[in-house]
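Read the structure below first, then the notes.
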C-alpha cells in the first residue's frame, strides 16, 4: 500500500509518557529516584543571577575615572538597599546645596568599580527559580544538579496551537457537545482552579471572565486569531508561545476560528472529566516543532495495562488514516486519506508537489498537498 510521512497529532486514551524537568542552570534536586510526585511538587530549584545596572558615577559627580574610589561610599562586594547613597562629591567650602549624591536605583550588591571607565556595576539580588513536577507521576532518574526525568501513564492529547505556560487542575466539562461555544454565561465561581473543556469556540468575553474567576486553563476547538492579538497586545508572527502571563492557559485542538472539536478528542476529555490534568500552551511552529499538550494521568495502580508509547516522530500516512488539514483553504478540516497520488501535481503557486486525496467528514473530497496535512494518531 502507498504511504507518506508527515507529522502526527497524537490523541491517545492510555499511553506511557516521559518528560525531563530541568533547571536553566545548575542547582539543587529535591527528590529521589522512585519518588511519587504531584503536579504542584517542586522537584528542583536554583538561583538566577539578578539583572545588572551600570552607573556612570564620574559623569554624575564630574570627576576623573582614576579618582572614583575617593568618592565611593561603598566598595566591591558591599550590599545596599534601594535609595542608599553609593557615592558623593566634595563640594567647595562645605556648601551642602552643591553636594551631589549618587543613590542606588534598586537593592543589590556592588559587583565592580572601574577606574578606567568610571562606571559602577550593580547586581540585583538573585531570583529563585523552581521547577515543578507539572504532572502526577514517578521520578525515574535524577540528573544531579540539573533536574529529573519523570514518567506517568495517562490520556494524552496534542493541540494545534496554544498560549500560556504550564498549569494543572481538575478537568471539568463546560459544554455538552463538541460543536457548542463556551460562552461567559457557562462560567461559574466554582470552576476556579479547574481546566475547562469547551467545544467549537471560546469567546473573548468568556476568556476575560475565566481569568477573573481564576480558571487554570481551557481546551477548545478554536479561538479567533484577532482575539489572540487583542489579548496579547501584539501579533505573534512566527509563533513561539508558552511564556505569556495571561491568567490562564489556552489550548486549541483544531485551529483558529469556530471549529468543532474532533469527536474522538471531545469524547476522551469528557470521559476523563473529574481527573487531575496538566496543560501546557507552549507552541513552536518552525524548526523544532513544539505542540501544546494535555496530560491526564491515571493512578499508578492502573499503569500496568498501558499500551506502549507511540514514538513522537514522523509517522507513515496510509489510505484510510484520519488527518487534519493545517493550511488554507481547508484549514482545520478533518478527513480520511482516500488516495495517495504517486505523481507530482502542479498547485496554485505553480510548484509541483506530492498530493493526496482527502474525503472530508461532510462527504466532499479535495486534493491537498501532503505538506498541508498532519496525521491524527491513535
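Residues in segment 153-179 that are farther than 26 Å from residue 36 by Cβ and either part of a strand (DSSP E or B) or touching a residue at least 60 places away in the same chain (Cβ under 8 Å) (or both): 159, 160, 161, 162, 163, 164, 173, 177, 178, 179. Please work out if residue 159 is within 30 Å of residue 44 (Cα to Cα) and modelled with pLDDT of 95 or more. Against the criterion (within 30 Å of residue 44 (Cα to Cα) and modelled with pLDDT of 95 or more), residue 159 does not qualify. Please enumerate the residues belonging to segment 250-295 that are under 23 Å from residue 190 (Cα atoms) and in contact with a helix residue (DSSP H, G or I) (Cβ under 8 Å, 6 or more places away or on another chain). Residues satisfying the conditions are 250, 294. Considering only segment 296-319, state which residues are at pLDDT 50 or above and outside any strand (DSSP E or B). Residues satisfying the conditions are 298, 299, 300, 301, 302, 303, 304, 305, 306, 319. For first residues located in segment 327-352 and closer than 17 Å to residue 259 by Cα, partners that are outside any strand (DSSP E or B) and modelled with pLDDT under 80 and lie 6+ apart or on another chain with Cβ distances below 7 Å form the pairs 327/372. Given the structure, is residue 234 in the same structural domain as residue 360 (by TED's automatic domain parsing) and either in a strand (DSSP E or B) or at pLDDT 80 or above (or both)? Answer is no for this residue. Inside segment 180-207, residues that are without any contact (Cβ under 8 Å) to a residue 12 or more places away in the chain and within 24 Å of residue 283 (Cβ to Cβ) make up a count of 0.
Taking the condition over 12 Å from residue 159 (Cβ atoms), buried (at least 22 other Cβ atoms within 10 Å of the Cβ) and in the same structural domain as residue 173 (by TED's automatic domain parsing), does residue 202 pass? Taking the combined requirement at face value, the residue satisfies it.
Residues to consider are 256, 266; find the one that is assigned by TED's automatic domain parsing to the domain that holds residue 220 and either without any contact (Cβ under 8 Å) to a residue 60 or more places away in the chain or surrounded by fewer than 23 Cβ atoms within 10 Å (Cβ to Cβ) (or both).
So the residue among 256, 266 that is assigned by TED's automatic domain parsing to the domain that holds residue 220 and either without any contact (Cβ under 8 Å) to a residue 60 or more places away in the chain or surrounded by fewer than 23 Cβ atoms within 10 Å (Cβ to Cβ) (or both) is 256.
Just a yes or no: is a residue in segment 124-144 surrounded by fewer than 19 Cβ atoms within 10 Å (Cβ to Cβ), within 21 Å of the chain's Cα centre (by Cα) and assigned to a loop (DSSP other than H, G, I, E, B)? Checked against the condition, which is being surrounded by fewer than 19 Cβ atoms within 10 Å (Cβ to Cβ), within 21 Å of the chain's Cα centre (by Cα) and assigned to a loop (DSSP other than H, G, I, E, B), segment 124-144 yields no hits at all.
The values are calculated or read from the model by the stated rules, or taken from the named source; none is laboratory data. These numbers come from a predicted model, not from an experiment. Note that each Cβ is placed from the backbone with ideal geometry, even for glycine, and that neighbours are counted across all protein chains shown.
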